[in-house]
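Q: Let me give you the structure first, and then I'll get to my questions.
The values are calculated or read from the model by the stated rules, or taken from the named source; none is laboratory data. Since the model is a prediction, treat every value here as computed from it, not as a measurement. Neighbour counts run over all protein chains shown; Cβ positions are idealised from the backbone, glycine included. Keep in mind that these areas ignore ligands, DNA and RNA; they rest on the heavy atoms of the full protein, side chains included. Shrake-Rupley method; radii C 1.70, N 1.55, O 1.52, S 1.80 Å.
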Amino acid sequence: MAEKIRLQLRFYGQVQGVGFRYTAQYTASAYGITGWVLNDYDGSVLMEAQGMPGSIDKMIKKIGEGTFIQIDRIEKKSLPLCEYETSFKIRG
């Protein structure tokens, strides 16, 4: 069985001003993913997501299906787990 992972994800494309963060929060909660999301100064969206690998993949796919959201590229980086995190929040 797979173990939880934590990823830093940076999304590029039409990702700000299109409901991305709210879609991410709703979808993360539905898939049992903890972490946070924020709009970054360069027009990208930065996220840290912690959960089962398959659930994170499903969350990313579901976010990309948003009506006005257009993800052109995602940069991924593995991070250590945050053991005490219990929810997914919008920052900034």
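Q: Looking only at segment 43-62, count every residue that is touching a Lys or Arg at 6+ places or on another chain (Cβ under 9 Å) and acidic (Asp, Glu) and tell me the total.
A: The number of residues fulfilling the criteria is 1.
Q: Could you give every pair whose Cβ atoms fall below 6 Å, whose first residue belongs to segment 47-66 and is of a type in the set (Val, Ile, Thr), and whose second residue is at pLDDT 95 or above and open to solvent by 20 Å² or more (accessible area, probe 1.4 Å), counting only separations of at least 6 or pairs across chains?
A: Ile63/Thr23
Q: State which residue is farthest from Leu79 (Cα to Cα) when the search covers only segment 32-49 and only residues that are of a type outside the set (A, V, I, L, M) and touching a helix residue (DSSP H, G or I) at 6+ places or on another chain (Cβ under 8 Å). So that I can check it myself, show each step before the final result.
A: Filtering segment 32-49 down to residues of a type outside the set (A, V, I, L, M) leaves 32, 34-36, 39-44, 48.
Filter once more, so that each one left must be touching a helix residue (DSSP H, G or I) at 6+ places or on another chain (Cβ under 8 Å): 32, 34-35, 39.
Working: Gly32: 18, Thr34: 13, Gly35: 12, Asn39: 20 Å.
Selected residue: Asn39.
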